[in-house]
1. Output yes when any residue across the stretch 151-159 is of a type outside the set (A, V, I, L, M), over 22 Å from residue 39 (Cβ atoms) and at pLDDT 95 or above, and no when none is.
2. Mind counting the residues in the stretch 109-126 that are closer than 10 Å to residue 155 by Cα and open to solvent by 30 Å² or more (accessible area, probe 1.4 Å)?
3. Residues to consider are 158, 152; find the one that is of a type in the set (Phe, Trp, Tyr), touching a residue at least 24 places away in the same chain (Cβ under 8 Å), in a helix (DSSP H, G or I) and closer than 30 Å to residue 100 by Cβ.
4. Being at pLDDT 90 or above, open to solvent by less than 80 Å² (accessible area, probe 1.4 Å) and over 18 Å from residue 142 (Cα atoms) is the filter here; which residues of the stretch 29-50 pass it?
5. Which ranges mark the helices (runs of 4 or more DSSP H) fully within the stretch 24-131 that have 1 or more residues being within 14 Å of the chain's Cα centre (by Cα) and under 26 Å from residue 197 (Cα atoms)?
6. Among the numbered criteria (1) under 13 Å from the mean Cα position of the chain (by Cα); (2) assigned to a helix (DSSP H, G or I); (3) surrounded by 14 or more Cβ atoms within 10 Å (Cβ to Cβ), which single criterion is violated by residue 146?
Amino acid sequence: FYPWRAFGFRWFARAVLSLWNPHQFCGTPFLANGQSALLYPPNWLFAVIPTEHAFAWLAALHLAFAAVFTFLLLRLLGCTRCGASVGAVAFPLNGFFALWIHLPTAVQSACWLPFLCYAAERLRTGPHLRWAALAALGVAGGVLAGHLQIAFYVLAVFLVWSLVGACCAPAPWRWKVLGYFAATLALGGLVCAAQLL
């Protein structure tokens, strides 16, 4: 990933979006390779600080992001502060993250899971357009982070969580909750459409 980030964001800093990488395989698509993650906003840090430092900052940022939203999700689900704190430490330091931290796209895609579950739970307990829009950013973030397989898993969990949550929502809200979840997926898909297409 070091050569990809150095190449892509060296040009990105000059306001050039690298569509093609001439340095591998006698040339290969670059932006179309989702793992280039050029359109993932946190990765824009590579354009302003040295590549080796950006890797460290982004790893710390994403682990902290996962910890904060794991804590918030567990508190929303009724855990004590102590229990939520244990979960907030355990999730970002789990074996998958520890093993794959050197593969930034996998961890960056997976860290959106607690955020999306938190947004889904907020939508279930009080449907509001604000939570649908934030969840849509989470959907886009998971995809734009660059690891489509992990993003698929995260979106599958979000979808199941959302559908079960909609079934458990108060009766007058059920269809409204389902509508917001559908809008979340549609808006999230639109935000990351440039990468998907």
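The values are calculated or read from the model by the stated rules, or taken from the named source; none is laboratory data. Quick caveat, the model's predicted, so the values are computed rather than measured. Here Cβ is always computed from backbone atoms with ideal geometry, including for glycine, and neighbour counts include all displayed protein chains. Areas reflect the complete protein model, heavy atoms only, side chains present, ligands, DNA and RNA absent. Shrake-Rupley method; radii C 1.70, N 1.55, O 1.52, S 1.80 Å.
1. Looking only at the stretch 151-159, we keep the residues that are of a type outside the set (A, V, I, L, M), and these are 152-153, 158.
Right, trim to over 22 Å from residue 39 (Cβ atoms) and you get none.
Scanning the stretch 151-159 turns up no residue that is of a type outside the set (A, V, I, L, M), over 22 Å from residue 39 (Cβ atoms) and at pLDDT 95 or above.
2. 2
3. Answer to the check: 158.
4. Of everything in the stretch 29-50, those that are at pLDDT 90 or above, open to solvent by less than 80 Å² (accessible area, probe 1.4 Å) and over 18 Å from residue 142 (Cα atoms) turn out to be 29, 46, 47, 49, 50.
5. On the way: elements: 51-76, 81-90, 95-100, 104-110, 112-125.
So the answer is 51-76, 104-110, 112-125.
6. Of the numbered conditions (1) under 13 Å from the mean Cα position of the chain (by Cα); (2) assigned to a helix (DSSP H, G or I); (3) surrounded by 14 or more Cβ atoms within 10 Å (Cβ to Cβ), the odd one out for residue 146 is (2).
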